[in-house]
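Report on the following structure.
Only the coordinates and a few stated rules stand behind these numbers; no lab work does. Since the model is a prediction, treat every value here as computed from it, not as a measurement. Ideal geometry is used to build each Cβ from the backbone, glycine not excepted, and the neighbour counts take in all protein chains shown.
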Amino acid sequence: MCGRRATLYLPYLDRYVCDRCLLRMNFRRFRKYMREHKAKRYTLVKSRSSSYYLMRYFFSKGGLEFKEGSKGNVVSTTQDELAEMVLASVLGNKKFKLGKKIMPMSVIPEREVYRLCSHLKLPLVKRKLSDISKFLDSVEKRRPGVKFSLRKLAYSLKEL
């Protein structure tokens, strides 16, 4: 994209990107999501995850004021985690409820979150993968975009 040495292949775009372009691309996604989901106040739900540390970085870089607490309206759920929740609900024959939480990290795949945390020297905390997550990863390898489609499904179900 920019002429720098590409470090990561993005199958859903069918291109390689450098860390700097990856950061810029995902920060734009984050800002777009936040413009679409405005709130008077942002309280980040604290967690020990890489997506949480990256979300804090994006909030600070974007000039958004926020507080942190155990209860809040902004959670650091990644695209992979949201897709996993949707699929678990469907397979478990349970009603899926997205709720009123703001999930700005749901626009970013987990693999990219880890890459950006490494690039920005933020704490890298990998989560333990469930069977559903492993299944989704195997499907995503063969059909890039499945997790994104499940994320879109979650938001369309929220509208109903």
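Taken one residue at a time, the phi angles of the stretch 142-154 give Karplus couplings (6.51, -1.76, 1.60, θ = phi - 60°) of 7, 10, x, x, 5, 5, 4, 5, 5, 5, 4, 4, 4 Hz. Gly and Pro are set to x. Return the single residue from LEU136, LEU150, LEU64 with maximal mean-square fluctuation; model: Gaussian network over the chain, springs between Cα atoms under 10 Å. So, out of LEU136, LEU150, LEU64, the one fluctuating most is LEU64. Under 20 Å of direct C-alpha separation, and excluding same-chain neighbours fewer than eight residues apart, LYS128 reaches these aspartates and glutamates: ASP80, GLU81, GLU84, GLU110, GLU112, ASP137, GLU140. Rg of the Cα atoms in the stretch 102-142, relative to 2.2 N^0.38 Å, amounts to 1.31.
Among CYS117, CYS2, CYS18, which comes first, second and so on when ranked by fewest other beta-carbon atoms within 10 Å?
CYS2, CYS18, CYS117
Along each principal axis, taking the top coordinate minus the bottom one, the Cα set of the stretch 8-159 gives 38, 37, 27 Å in descending order.
By how many nm would the segment from SER149 to LYS40 lengthen if fully extended, with 0.36 nm per residue of separation less the alpha-carbon distance?
Value of the extension gain: 36.3 nm.
Going by neighbour counts of Cβ atoms within 10 Å, the residues LYS128, LYS141, LYS147, LYS61 line up, fewest first, as LYS128, LYS141, LYS61, LYS147. Take every pair of alpha-carbon atoms less than 8 Å apart whose residues are at least six positions apart; their mean separation over the length of the stretch 8-159 yields a relative contact order of 28 percent.
Which entries in LYS38/LYS126; LYS71/LYS95; LYS32/LYS126; LYS61/LYS95; LYS67/LYS134; LYS95/LYS121 show an alpha-carbon gap greater than 31 Å? Show your work: numbers first, answer last.
Values: LYS38/LYS126 29 Å; LYS71/LYS95 23 Å; LYS32/LYS126 26 Å; LYS61/LYS95 36 Å; LYS67/LYS134 34 Å; LYS95/LYS121 39 Å.
Table pairs above 31 Å Cα-Cα are LYS61/LYS95; LYS67/LYS134; LYS95/LYS121.
In terms of surrounding Cβ atoms within a 10 Å radius of their Cβ, LYS100, LYS40 rank from fewest to most as LYS40, LYS100. For the pair ARG48 and ARG142, a Förster radius of 35 Å applied to the C-beta separation gives a FRET efficiency near 0.65, rounded to the nearest 0.05. By DSSP, the beta bridges lying fully in the chain are antiparallel in about 40 percent of cases.
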